């Protein structure tokens, strides 16, 4: 009941802030879509390709997956970094819920927002004439959503490091280029790369977008990978949180 009440309060706060600062909210969304459309047209102009060129498939899917992967990863690490900057981390720890659960609730809301942007991005792509990319296929959406918790777990690990080292926010930013590698790895069909977070889900999504059919085993592999990384990430975060409390650094920078 505490988690449900906290989730309702967090959602209410986010909706209030989005409404209160509606110009910033709208500007951020327009910036994301504008960057994508601008990149798409720049590549087409430079390569003399049409919107229907098959060579654009990898670019479109890669951009969308990178954007969504960044949302999933930052849903925990960015929250901790922001609380550290605001010097409100200690107050957050005094709530009725453990810190990792509070971050989990915020992460769910953050990923839900990222999913909405993902769907809108797919809609814009279809509107531009890329219906043949099949980005709105339930199998593609399902495999990507199922892979997201693996990066949430990795975000927990980085968040735990930030609790102790404090001034390592650069580490949080350095992960973003690494997400490109995870998305580009040839983890499908099943091989050693599939053990990495998000890699198999992204590779399977590329396969499905290319016209391939995903089987039950693909979803089982992605679900197992996500669960494993999520549980590992929470365990690592709890360990760093205990260390931060022992060092007495939860309340200051």
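The values are calculated or read from the model by the stated rules, or taken from the named source; none is laboratory data. Everything quoted here is computed from the prediction, not taken from an experiment. Glycine gets a Cβ as well: all are built from the backbone with ideal geometry, and neighbour counts include every protein chain shown.
Residues that are within 19 Å of residue 98 (Cβ to Cβ) and in a helix (DSSP H, G or I) within the range 1-24 comprise 2, 3, 4, 5, 6, 7, 8, 9, 10, listed in sequence order. Taking the criterion of being more than 18 Å from the chain's Cα centre (by Cα), at pLDDT 70 or above and within 22 Å of residue 187 (Cβ to Cβ), the residues of the range 122-145 that qualify are 137, 138, 139. None of 104, 148 is over 16 Å from residue 235 (Cα atoms), at pLDDT 80 or above and in a helix (DSSP H, G or I) except 148. Counting only helices (runs of 4 or more DSSP H) wholly contained in the range 151-253, the ones carrying 1 or more residues that are out of contact with any strand residue (DSSP E or B) (no Cβ under 8 Å at 6 or more places or on another chain), more than 22 Å from residue 118 (Cα to Cα) and touching a residue at least 12 places away in the same chain (Cβ under 8 Å) occupy 169-184, 216-247. The set of residues from the range 1-34 being in contact with a helix residue (DSSP H, G or I) (Cβ under 6 Å, 6 or more places away or on another chain) and without any contact (Cβ under 8 Å) to a residue 12 or more places away in the chain comprises 18, 25.
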